[in-house]
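Colleague: For reference, the structure I am asking about is given below.
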Amino acid sequence: MAPVKPAPEPTALSAPYWAAAARGELSAPWCEPCADWVFPPRPRCPRCGGSEMGWRAPASTGQVVTFSVVHQAAYEAYRDDQPYVVAIVALDGGPQLMTNLVDVPDLGAVTVGQRVELTYEKRGPEMQIPQFRPVGRS
């Protein structure tokens, strides 16, 4: 039997993020006093120290800030995906997050500043992993 990719184990802080992802939505913490994103989820805003957090839907598009092509997977379950791209994506008007870039036919064509859009990878019966692909690859 082939190894199975691990599913995230939500914590109290990350549970709203993963619940939204399971519904096919993207959600991130928002500091009400600062009017800014706080990602990854934390109990307090790193800017103002406040705990008045809400959850909002950031944009589902953004651009690549930096990336790396992984040629040797750290886990056996990712071996069939090699080589693959791990990237930091800055969402339009929103937070930055680390993600995989998928549906990339030419890894040499990935660039900083490249436009990307949200997609999901199903992981088990109730989990979806937010990932990104080049705009127009749907």
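Colleague: At 0.36 nm per residue, and after removing the present C-alpha to C-alpha distance, how many nm does the segment from Glu32 to Ser60 gain when stretched out fully?
Modeller: Length difference between fully extended and current span is 8.0 nm.
Colleague: Using Cα pairs under 8 angstrom and six or more residues apart, how large is the relative contact order of the chain, in percent?
Modeller: Result for the chain is 22 percent.
Colleague: Per DSSP H run of n ≥ 4, the term is -39500 (n - 2.57); total these for the chain, divide by its residue number, and report the mean residue ellipticity at 222 nm rounded to 500 deg cm²/dmol.
Modeller: -1500 deg cm²/dmol
Colleague: Now for a separate question. Towards the positive end of the charge dipole of the chain, with charges on Cβ (+1 Lys, Arg; -1 Asp, Glu), say which of Pro83, Gly94, Pro6 has the farthest Cα.
Modeller: Gly94
Colleague: Determine the dipole magnitude for segment 58-138: charges of +1 sit on the beta-carbon of Lys and Arg, -1 on that of Asp and Glu, nothing else is charged, the reference point is the Cα centre, and the result goes in debye to the nearest 20.
Modeller: 100
Colleague: Please give the length that would be gained between Arg44 and Glu25 if that part of the chain were fully extended, namely 0.36 nm times their separation in residues minus their C-alpha to C-alpha distance (nm, one decimal).
Modeller: Roughly 4.5 nm would be gained on extension.
Colleague: Please report Tyr17, Tyr75, Tyr84 as a ranked list, fewest other C-beta atoms within 10 angstrom at the top and most at the bottom.
Modeller: Listed from fewest to most nearby Cβ atoms, that is Tyr75, Tyr84, Tyr17.
Colleague: For the pair Ala73 and Val112, how long in nm is the line joining their label points, each one 7 Å along Cα→Cβ?
Modeller: 2.9
Colleague: Additional query: Under 8 Å for C-alpha pairs, at least 6 residues apart: give me the relative contact order for segment 58-138, rounded to a whole percent.
Modeller: Taking the mean separation of contacting Cα pairs over the length of segment 58-138, I get 30 percent.
Colleague: Follow-up question, since we're still on this one. About the Cα centre of the chain, how large is the charge dipole given +1 on each Lys and Arg Cβ and -1 on each Asp and Glu Cβ? Please answer in debye to the nearest 20.
Modeller: Charge dipole of the chain: 120 debye, to the nearest 20.
Colleague: Along the charge dipole of the chain, pointing to its positive end and built from +1/-1 on Cβ of Lys, Arg, Asp and Glu, which listed residue (Leu107, Trp55, Cys31) has its Cα farthest out?
Modeller: Checked the options; the winner is Cys31.
Laboratory data are not the source of any read-out in this text; all were calculated from the coordinates shown. Computed from a predicted structure; not experimentally measured. No Cβ is skipped: glycine too gets one built from the backbone with ideal geometry, and neighbour counts run over all protein chains shown.
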